[in-house]
Amino acid sequence: GSTVTVREMSIEDAKKKGAIALFGEKYGDMVRVVKMGDFSTELCGGTHLNNTAKAGLFKIISEASVAAGVRRIESITGLGILDMLCNKDITIKQASEALKANPSELVKKSEQLSNELRSAYKEIEALNGKIASLKTSELLDLAKDVNGIKLITARLDNITPEALRAMGDTIKDKSKTAVALLASVSRDKISFLAVCGADAVSRGANASNIVREAAKIAGGGGGGRPDSASAGGKDISKIVDALLS
């Protein structure tokens, strides 16, 4: 082990000796300098062992840059490491119970579940796409003709924003005169989408203005292009009012 020496000196002398100060800390004219062998010289107001060997086990838990070519490490020592290991054992045990796996199989089980979730998400997206396609045809059939414009308003819950955009793209591609305002609620959040076909845009329809006004009623906001725009809302009770706006 290395002997630990403690000296008090002026802050200027301490800096000349290369003592490291904690970033953001304030020091007086006189400071306490703790030196451990040739590897550590720091300003510190705490107490220390008289030899580094007395620290026992030494585990680095974090490190960061404090100056060019200088890094500061934080660690735990002695019995603190035993406490850390005990807590990690408890965490591993709880994780193993939650995943229904032996501790030795924890990594393999985690990877397996991650892959299963990834596959499930892909399947959900594919199903959402099919649902969106079916819903789009239905919405076009139910569109109201208003002075030559096909007006569509609908609430479609549990449709992802991606699926909602896909529906909007299909609507404006299939009907150049369509003006649609769609809303979906998922996890207590409202997604609005407005789309306008090319002919509707040329007649003055603006999806950005439409979706912005609708979202405002539901306590949200957003915008986009004249032919396609999205927004979010917070007040689910106002969805009907927003769609009728």
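Quick rundown of the values:
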| item | result |
| --- | --- |
| Linear extension gain, D13 paired with K109, 0.36 nm per residue minus alpha-carbon span | 28.9 nm |
| In degrees, nearest ten, helix 79-99 long axis to first principal axis of the chain (Cα) | 20 degrees |
| Segment 121-245: C-alpha pair distances exceeding 19 Å, % | 41 percent |
| In degrees, nearest ten, helix 106-141 long axis to first principal axis of the chain (Cα) | 20 degrees |
| For G220, residues with placed amide H under 5 Å, excluding near neighbours | K234 |
| Longest DSSP-loop-exposure-free segment, trypsin sites (Lys or Arg not before Pro), the chain, at most 16 other Cβ within 10 Å | 101-175 |
| All-pairs Cα distance distribution in segment 176-225, expressed in whole percent, bin size 5 Å | 5, 23, 29, 20, 13, 8, 2, 0 |
| Cα centroid separation, segment 120-190 to segment 1-50 (Å) | 67 Å |
| Nearest 10 degrees, 0 to 90: helix 207-217 Cα axis against the chain principal axis | 70 degrees |
| Full-extension gain in nm, E138 to A95, via 0.36 nm per residue minus C-alpha separation | 10.8 nm |
| Under 18 Å from the Cα of K176 - aspartates and glutamates, other chains or at least 8 residues apart | E138, D141, D145, D199, D227 |
| With 10 Å bins from 0: P(r) over segment 158-204, alpha-carbon pairs, percent | 30, 46, 20, 3 |
| Two-decimal log10 I(q)/I(0) for segment 41-150, as the Debye equation yields it once each C-alpha is a single scatterer, q = 0.10 Å⁻¹ | -0.67 |
| Accessible-area ranking of Y27, Y121, largest first, probe 1.4 Å | Y121, Y27 |
| Long-range tail of P(r) for segment 62-112 (Cα pairs > 17 Å, %) | 57 percent |
| In Å, descending, principal axis extents of the Cα set of the chain | 91, 51, 32 |
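The values are calculated or read from the model by the stated rules, or taken from the named source; none is laboratory data. Note that this is a predicted model, so its numbers are computed, not measured. Heads up, the Cβs are rebuilt from the backbone with ideal geometry, glycines too, and the neighbour counts pull from every protein chain shown. Keep in mind that these areas ignore ligands, DNA and RNA; they rest on the heavy atoms of the full protein, side chains included. Shrake-Rupley method; radii C 1.70, N 1.55, O 1.52, S 1.80 Å.
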